[in-house]
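To keep things clear, I will list the structure first and then write my remarks on it.
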Amino acid sequence: MAEVAPTSTPSVGRARRRASRATRRPARTSARRCQGGRQSAPPVVKGKPVAPREQACRDVEDAVAHHLGEGIETAALSFIDALENAYRHIARHPATGWPRYAHEFNLPGLRSWPLMRCPYVVFYVEYTDHVDIWRELHGQRDILP
């Protein structure tokens, strides 16, 4: 399997920086920006590149803003860590996600993966050359139509 670019996403990097500023701790990772711009060189991992959609970036920013608004900076950092771990797992093993919602929404290829220690679920579709992240939603949310 070929070595590919990082799986850390733009929204995760921006959210981590925001949460880090709130706790006055330095950011632990650098990440790409959502809409292009200068990109840093994070470590190379094996797997497919993970490409979040614009709505997925907004979902991450909203979740971090919610945690920071509640004054729970550690929850924001835990969310970001769990999201980065999920992205790494999805990049390496995209077929391990659950296809349940693909059948319920009639969207072939849609898979979901829960975040560890956080009540969020990542929704994505695997393509031959990358993994397209559609949304990151709270597990208590009514996801079904």
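The values are calculated or read from the model by the stated rules, or taken from the named source; none is laboratory data. Nothing here was measured: the structure is a model prediction, and the numbers come from that model. When the accessible area is computed, the model is the full protein with side chains, heavy atoms only, and any ligands, DNA or RNA have been set aside. Shrake-Rupley method; radii C 1.70, N 1.55, O 1.52, S 1.80 Å.
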**Request:** Keeping all protein chains in position, work out how much accessible area D59 exposes to a 1.4 Å probe, and write it in Å² to the nearest 10.
**Result:** 10 Å²
**Prompt:** Taking only protein heavy atoms and a 1.4 Å probe, what accessible area per residue, in Å², does segment 54-126 have with all protein chains in place?
**Reply:** 49 Å²
**Fill in**
For Y127 the rounded accessible area (nearest 10 Å², probe 1.4 Å, non-protein molecules ignored) is 90 Å²
**Fill in**
In whole percent, the fraction of accessible protein surface over segment 57-119 that belongs to carbon or sulfur atoms, probe radius 1.4 Å, stands at 55 percent
**Item:** By accessible area with a 1.4 Å probe, ligands and nucleic acids excluded, highest first: order of T96, T74
**Value:** T74, T96
**Asked** Between E104 and A65, what length in nm is gained on full extension when 0.36 nm per residue of separation is reduced by their alpha carbon distance?
**Response** 11.0 nm
